[in-house]
1. Based on DSSP, what percent of beta bridges with both residues in the chain are antiparallel, to the nearest 5?
2. Any idea what angle helix 219-230 forms with the longest principal axis of the chain, computed on alpha-carbon atoms, 0 to 90 degrees, nearest 10?
3. When only C-alpha pairs under 8 Å and at least 6 residues apart count, what is the relative contact order of the chain, in percent?
4. Could you go through the range 76-88 in sequence order and give the Karplus-derived ³J(HN,Hα) for each residue, using 6.51 cos²θ - 1.76 cosθ + 1.60 with θ = phi - 60°, rounded to whole Hz, and x for Gly and Pro?
5. The range 382-429: D in µm²/s via Stokes-Einstein (Kirkwood Rh, Cα pairs, 10 °C, 1.306 mPa s)?
6. Could you point to the residue in A387, G397, L419 farthest towards the positive end of the range 382-429's charge dipole, with +1 and -1 charges on the Cβ of Lys/Arg and Asp/Glu respectively?
7. Tell me the Kirkwood radius of the range 166-251: reciprocal of the mean inverse pair distance over distinct alpha-carbon atoms, in Å.
8. Extending each Cα 7 Å along its Cβ direction at E13 and D338, get the distance between those two points in nm, one decimal.
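Every number here is computed from the coordinates shown, using simple stated rules; none is lab data. Every value quoted in this text rests on a predicted model; they were computed, and no experiment measured them. Here the Cβ positions follow ideal geometry from the backbone for every residue, glycine too, while neighbour counts run over all protein chains shown.
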Amino acid sequence: RDRAVEMAREAVEAAPAGIRALLRAVGRVAEEEGVAVYAVGGFVRDLLLGRPNLDFDIVVEGDGIAFAHTLARELGGRVQEVPRFGTAHIYLEPDDPALPSRIDVATARREFYEHAAALPRVEHADLHEDLYRRDFSINAMAIRLGSSGPSGLIDFFGGLKDLAAGQVRILHTLSFVEDPTRLIRAVRFAHRYGFRLEPETEACARAAVAEGFLARVSRERLRNELLLLLQEQGCGGALQMLAELGVLEALLPGVPLDPEVQGLVDAVDGLVEAEPELCRLSQLWLVKLLVLLHRLPLSAGVAAVKRLRLKRAENQACLQVLAGWRIAHDLMVAPHADAASIVAALAEWPAEGLLLLVLLGGGERVAAYWREWRHVRLEINGADVQALGVPAGPRVGRILQRVLSARLSGDAPDRETQLALARRFAAQEE
Ligand code: ATP
């Protein structure tokens, strides 16, 4: 136990100064208010691993909402209450980017749990109940906060041992049955920290998949967890692990996860250096999703996207790219680039679709399109073509397109030459 306290102290000491000050401030308010307050969950896990985590969750043994108000006054934040759950969010505007902009405050109080009488008698019964509802031992630790630093690490379920052993372990054998999204979460954490699934946990995971429990979960919850997983750096290995457990097939039926697709997924995060602007305009998880889906027959890809219930714009982008990437890709790798056709094909494409083409070997032409070709405008327009005697209609567009093609290859740099070309094309088209 002393060792655990020592470890908590060491972990806090190693944290950035701003985080240490924040933890002390929370501890001070807790002591003044006479309530026990704990940092919990992912924040504690990452503190012990020496990794930054800006999701600061605290649990109060007492009235969490009242505590949130007092703490917010102390820190200069704004409170949003969720009375039904006895929770509150404190919104802060820190100058220091290493500090959280939101603190989630939960209440651990026996009256929130109907079946409290059935609880085993343990010290901190309320906190125990709160932590027992969590997913994995490494996410179910708490650090008690005091004015002079942490006064203890609470580790009912052996999280510290699992952190040291590098394993993700569920708290009870029905955990995946109770909430099958934990199957995806387990893989996400294992991948992120280079951990394995503890053998009994893995057996429970396989059993839950075999029983088809994923089908019971709402599509939205599955989608949310899949997105979180796709947001992890280099998540190809995580997808492989999902595939191996049979979870991927339930999420994205038919997706081929061969080494090539896995390699492409892993290459997505590396695009930030080659194509910073396109990456800034993109959601990289969406690019990874497109990589996973692009090889499926179109109807299967479309069905997979629909199942995910993405937001409108994301859904639209996926469908557009899945339907058009083959033609666009052919243009990217054809021996001679017809810049005007490329401009026409890519004009309405989302940035994510352009990044897919970069990954598939079209980097050079995508770069030329993005930095150069799409900005090029002709010095003549439809009215000029009509003035040459071409009636309004699709012919005008075709002629302009051919002139643009010449302009992009450097053959028609000014209005004069463009008009001459338009005249020639009009004559040819008659
Ligand atoms: P990240 O570092 O990715 O934010 P996190 O551990 O903070 O990871 P969240 O999804 O923000 O993960 O969840 C916060 C905490 O809530 C977790 O540490 C875990 O204790 C608990 N939790 C979240 N989702 C579940 C779940 N499906 N079942 C049980 N506990 C959960």
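1. Numbers: 23 of 30 bridges.
Counting only bridges with both partners in the chain, antiparallel ones make up about 75 percent.
2. 80 degrees
3. Numbers: 609 pairs, mean separation 41.5, N = 430.
Over the chain, the number comes to 10 percent.
4. Running phi through 6.51 cos²θ - 1.76 cosθ + 1.60 with θ = phi - 60° gives x, x, 10, 10, 10, 8, 10, x, 4, 9, x, 10, 8 Hz.
5. Values: Rh = 10.4 Å.
Approximately 152 µm²/s, per Stokes-Einstein.
6. So the residue we want is G397.
7. On the way: mean 1/r = 0.0795 Å⁻¹.
12.6 Å is the Kirkwood radius here.
8. 7.1 nm
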